[in-house]
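Each remark here refers to the structure printed beneath this line.
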Ligand SMILES: Cc1ncc(COP(=O)(O)O)c(C=O)c1O
């Protein structure tokens, strides 16, 4: 079979490749504790599952949903913005409901980027950003999130000739994998830079609700932010609804119309009972109970990692520990860890500059973390 030329530039999705290797080893009888994958284990609140099932019993629920999402859900998103950020959002113009955030973040690039454009992606960064650039024929260029700068992106360091070719920049705070929360002045500086170069700023707020220290803020709330920003929300992490596939894009209305044009040519919206449950979810906060469970895991994992001699900062947010790999090479350390029966994600999964790190995910109970970290402590450091 001959494949499209674009496939030559498209590597397998990194977590798919890692998952296959794990499945292969397990099928061969290896006992592996997987601390790499980020798949929330805390179940969604019973009220959300009840709403989903009640709605599924209604005949009208099985019709095609509206492309933009239900008004009730868009209005709930707008109310959430008012409550959370004191930002006013028009449910008709400024909100688009999506099938989770991953594919929306990719469709977005198809709508705004031309072959030859540059897309800035954070390194470390969620891998779908670079893939979105590749799929749209653009060139992803890494923006380092340096530990010395507290993992905040330095757009001013992008050379001018590159900056002039940038069409889109993805930023994600609270950040996966570093756990950093961006202060409002950081969003302001990024918005100012995007306005100066006429660049679309995509602010991925996937972990907006899982914050242990400080408070997540919004790029739409920055001065001038509304003219250049689209923000991405998901119910996957806040409400553990990751298998349900529901998210929202919020912000610049012309960009949202263009993305809607792409999306409505590709998919047919989000199942109505899921939208009803997502609306219900926003009516209450995700629950301090969820955050406090992740906080307990964070405290446990950071303490344990440090006692084992690993260098790791305490994340302010999100569900990860971003750890310096002993020996300085996360790929080799992750391979050695796998041989010792524990999977971690090598830093290079998040960009070439991140190879000296590895990531563990806190979406595992304390017992599993305990067993996995004990194995991690026994990994022979590759030389
Ligand atoms: C930063 C970030 N953005 C987006 C997503 C995608 O989430 P979903 O597609 O489930 O909404 C993830 C998932 O891990 C993520 O870490």
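The values are calculated or read from the model by the stated rules, or taken from the named source; none is laboratory data. Model, not experiment: these values are computed from the prediction. Because the Cβ atoms are built from the backbone with ideal geometry, glycine has one as well, and the counts that use them run over all protein chains shown.
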Test result for residue 116, free of Cβ contacts under 8 Å to residues at least 12 places away in the same chain and on the phi > 0 side of the Ramachandran plot: no
Residue in the stretch 369-380 that is part of a helix (DSSP H, G or I), in contact (Cβ under 8 Å) with a residue 60 or more places away in the chain, out of contact with any strand residue (DSSP E or B) (no Cβ under 6 Å at 6 or more places or on another chain) and surrounded by fewer than 20 Cβ atoms within 10 Å (Cβ to Cβ) present: yes
Enumeration of residues in the stretch 224-238 that are under 20 Å from residue 279 (Cβ atoms) and away from the ligand (no atom under 11 Å from the Cβ): 231
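Just to be sure before I move on: is residue 221 more than 16 Å from the ligand (Cβ to nearest atom) and over 22 Å from residue 38 (Cα atoms) in the structure I sent? Show your work before the answer.
Numbers: more than 16 Å from the ligand (Cβ to nearest atom): yes; over 22 Å from residue 38 (Cα atoms): yes.
Yes.
Inspect the stretch 261-272 for any residue being under 30 Å from residue 324 (Cα atoms) and more than 16 Å from the ligand (Cβ to nearest atom) and give the result as yes or no.
The answer is no; no qualifying residue exists.
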Odd one out for residue 106 among (1) buried (at least 20 other Cβ atoms within 10 Å of the Cβ); (2) under 27 Å from residue 241 (Cα atoms): (1)
For residue 148: the one exception among (1) more than 11 Å from the ligand (Cβ to nearest atom); (2) under 24 Å from residue 207 (Cα atoms); (3) surrounded by 16 or more Cβ atoms within 10 Å (Cβ to Cβ): (3)
Hey, residue 207 touching a residue at least 60 places away in the same chain (Cβ under 8 Å), farther than 30 Å from residue 300 by Cα, within 16 Å of the ligand (Cβ to nearest atom) and surrounded by 20 or more Cβ atoms within 10 Å (Cβ to Cβ) or not: no
Condition broken by residue 254, with the remaining ones in (1) within 21 Å of the chain's Cα centre (by Cα); (2) over 24 Å from residue 45 (Cα atoms) satisfied: (1)
Conditions (1) within 16 Å of the ligand (Cβ to nearest atom); (2) touching a strand residue (DSSP E or B) at 6+ places or on another chain (Cβ under 8 Å); (3) in a loop (DSSP other than H, G, I, E, B): number failed by residue 97: (3)
Residue match in the stretch 34-41 (condition: within 25 Å of residue 289 (Cα to Cα), at pLDDT 95 or above, touching a strand residue (DSSP E or B) at 6+ places or on another chain (Cβ under 8 Å) and part of a helix (DSSP H, G or I)): no
Single match in 155, 135, 168, 200 (criterion: touching a residue at least 24 places away in the same chain (Cβ under 8 Å), closer than 20 Å to residue 117 by Cα, more than 16 Å from the ligand (Cβ to nearest atom) and within 19 Å of the chain's Cα centre (by Cα)): 200
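Conditions (1) over 30 Å from residue 355 (Cβ atoms); (2) within 16 Å of the ligand (Cβ to nearest atom), marked per residue:
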{"position": "57", "(1), (2)": "yes, no"}
{"position": "66", "(1), (2)": "yes, no"}
{"position": "72", "(1), (2)": "yes, no"}
{"position": "82", "(1), (2)": "yes, no"}
{"position": "86", "(1), (2)": "yes, no"}
{"position": "92", "(1), (2)": "yes, no"}
{"position": "113", "(1), (2)": "no, no"}
{"position": "124", "(1), (2)": "no, yes"}
Residue ranges of helices (runs of 4 or more DSSP H) in the stretch 216-331 with at least 2 members surrounded by fewer than 18 Cβ atoms within 10 Å (Cβ to Cβ): 253-266, 288-307
